[in-house]
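Q: Below you'll find the structure I mean.
The values are calculated or read from the model by the stated rules, or taken from the named source; none is laboratory data. Every value quoted in this text rests on a predicted model; they were computed, and no experiment measured them. Counting neighbours? That spans all protein chains shown, and the Cβs are built from the backbone with ideal geometry, glycine included. SASA here: full protein model, heavy atoms, side chains in, ligands and nucleic acids out. Shrake-Rupley method; radii C 1.70, N 1.55, O 1.52, S 1.80 Å.
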Amino acid sequence: MIRVLLADDHAAIRAGLRMLLATAGDIEVVGEAADGATAVANARALRPDVVLMDVRMPGTDGVTATRQVVDEGLADVLVLTTFDLDEYVFGALRAGAAGFLLKSAEASDLVDAVRHVAAGDGVVAPEVTRRVLAELAGAPGRSGPAPTPAAPLPADLTPRERDVLAALGQGLSNADIAQRLVISEATTKTHVSRVLAKLGVASRVQAAILAREADII
């Protein structure tokens, strides 16, 4: 079973999410939180696999809570947001969120997103992910904060690892990367893990941002 913690300040939204996830069969909602501080505390106590995190909550917001959950290695975080890209979404991705989902998503998309994040495929809703990555990389008309100067990529990245990083920058899943590079998914997961470790980042979305900023895609 995939253990999920719901973090949203609207009880009706939490109830709806719980109902939708209950239909999956392999997902169990183990707790809820109405603010970021409670989300972090419950993540410490319950150790879920995935936290569905709203970004706008009273007190400790979702960005701060995401950073704490990721830094402490408590769970993977899937941010819940609307399509309008704002500083909260950018902040959550930079804080280490494994991906994000639109609150308007269909039930099947929500279930698939949770499964993907739990399996290590943090990039979901590809059409939206690509837009976010483009915004973070400083595309014309971007609505987010100004990007920080790109840091040099680690010199010890192998050619294959650079290929994997470029694929992450395009928002590809492990299955897509495996198909593109003609390798197994198990080998892909190993490469992704090594890339994240060498870059010193917690999520594949952060790695994708660095790939975009380094212009290696």
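Q: Just the residues that are open to solvent by 50 Å² or more (accessible area, probe 1.4 Å) and not in a helix (DSSP H, G or I), please, taken from segment 27-60.
A: E28, E32, R47, D49, R56, P58, G59
Q: Output the residues belonging to segment 86-120 that are free of Cβ contacts under 8 Å to residues at least 60 places away in the same chain, assigned to a loop (DSSP other than H, G, I, E, B) and closer than 17 Å to G171 by Cα.
A: Of everything in segment 86-120, just one residue is free of Cβ contacts under 8 Å to residues at least 60 places away in the same chain, assigned to a loop (DSSP other than H, G, I, E, B) and closer than 17 Å to G171 by Cα, namely A119.
Q: Among the residues in segment 27-42, are any over 17 Å from the mean Cα position of the chain (by Cα), within 20 Å of D109 (Cβ to Cβ) and of a type outside the set (A, V, I, L, M, F, W, C)?
A: yes
Q: Of the residues that sit in segment 76-92 and are crowded, with 21+ Cβ neighbours inside 10 Å and among the β-branched types (V, I, T), which one is nearest to V117 (Cα to Cα)?
A: Per the stated criteria, the residue is V77.
Q: How many of the residues making up segment 151-197 are of a type in the set (V, I, T) and closer than 20 Å to V117 by Cβ?
A: 6
Q: Okay, moving on. Can you find a residue that is β-branched (V, I, T) and open to solvent by 30 Å² or more (accessible area, probe 1.4 Å) anywhere in segment 163-177?
A: No, segment 163-177 contains no residue that is β-branched (V, I, T) and open to solvent by 30 Å² or more (accessible area, probe 1.4 Å).
Q: Let me ask another. Please go through segment 153-162 and pick out each residue that is open to solvent by 50 Å² or more (accessible area, probe 1.4 Å) and touching a residue at least 24 places away in the same chain (Cβ under 8 Å).
A: D156, R160, R162
Q: Just name the residue that is most open to solvent (accessible area, probe 1.4 Å) out of those in segment 61-75 that are part of a loop (DSSP other than H, G, I, E, B) and in contact (Cβ under 8 Å) with a residue 24 or more places away in the chain.
A: Looking at the filtered set, the residue picked out is E72.
Q: Does segment 137-150 contain any residue that is modelled with pLDDT of 60 or more, surrounded by 19 or more Cβ atoms within 10 Å (Cβ to Cβ) and closer than 14 Å to R212 by Cβ?
A: Scanning segment 137-150 turns up no residue that is modelled with pLDDT of 60 or more, surrounded by 19 or more Cβ atoms within 10 Å (Cβ to Cβ) and closer than 14 Å to R212 by Cβ.
Q: State all residues of segment 3-26 that are out of contact with any Gly (no Cβ under 6 Å at 6 or more places or on another chain) and open to solvent by less than 30 Å² (accessible area, probe 1.4 Å); if no residue qualifies, say none.
A: V4, L6, A7, D8, G16, L17, L21, A24
Q: I'm checking my understanding of the structure. Among residues of segment 155-210 that are assigned to a helix (DSSP H, G or I) and acidic (D, E), which one is nearest to the chain's Cα centre (by Cα)?
A: D176
Q: Residues of segment 32-51 being in contact with a Lys or Arg (Cβ under 9 Å, 6 or more places away or on another chain) and under 21 Å from R115 (Cα atoms), which ones?
A: Hits for segment 32-51 are E32, A33, L46, R47, P48, D49, V50.
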